[in-house]
1. Tell me, what is the percent relative contact order of segment 13-123, built from C-alpha pairs under 8 Å that lie six or more residues apart?
2. Which of VAL90, VAL100 comes first, and how do the rest follow, when ranked by fewest Cβ neighbours within 10 Å?
3. Taking only DSSP H segments of four or more residues, each worth -39500 (n - 2.57), what value at 222 nm results for the chain once the sum is divided by all its residues, to the nearest 500 deg cm²/dmol?
4. Assuming a ≥ b ≥ c are the square roots of the Cα gyration tensor eigenvalues, decide whether the chain counts as rounded (a/c under 1.5), prolate (otherwise, with a/b larger than b/c) or oblate.
5. Under the rule that an exposed site lies in a DSSP loop and has at most 16 other Cβ atoms within 10 Å, name the longest stretch of the chain with no chymotrypsin sites (Phe, Trp or Tyr not before Pro) of that kind, not counting the sites themselves.
6. Taking 25 Å as the cut-off for C-alpha to C-alpha distance, list the pairs among LYS18/LYS61; LYS67/LYS95; LYS65/LYS95 that go past it.
7. Of LYS65, LYS102, how do they rank once you tally other Cβ atoms within 10 Å and put the fewest first?
8. Sum up the charges of everything whose Cβ sits under 15 Å from the Cβ of TYR89, counting Lys and Arg as +1 and Asp and Glu as -1, but leave TYR89 out.
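What follows draws every value from the coordinates through simple rules; no lab data is involved. Predicted, not measured: the structure shown is a model, and the values here were computed from it. Note that we place each Cβ from the backbone using ideal geometry, even for glycine, and neighbour counts take in every protein chain shown.
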Amino acid sequence: MVGLALCIACAGHAQSVKLTSNQILELLSGKTVVGSWSGKDYRQYFDEDGSTTFLGKDNNKIIGKWKVDQNTDELKSVLYEDQEWEAWYVMEYTKDYYWVSKTTPPTQFEIENGKKLIWEKDK
């Protein structure tokens, strides 16, 4: 019974944390995000100059822009000039990172240092 109570207490301490604007900048600047969106694998590089390059597994490359809103602690990005900026919270939960918005469920991603927009061959 005591063991069960300890497990429940430990599990209760794990909670998601919304990253601040400075943490988002540190996490993404000069790095590549790797993930899957709606079942499609992607890589996205966040250049320190505010440009971003999105690469799908089909090698379709899209160049866009990104910034961090200091007032709302949101990542904002736009991939097509005719679209509006989209806003995302960046959350951390048990050392994993997630995109979160008002319209989509949390979507996990990983971080790779540097610009890594090449897909390795499937083994």
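1. Reported as a whole number, the value is 29 percent.
2. The most exposed by this proxy come first: VAL100, VAL90.
3. Result for the chain, helices only: -5000 deg cm²/dmol.
4. It comes out prolate by the Cα gyration axes.
5. 1-79
6. LYS18/LYS61; LYS65/LYS95
7. By the 10 Å Cβ count, ascending, the order reads LYS102, LYS65.
8. Here the count lands on -2.
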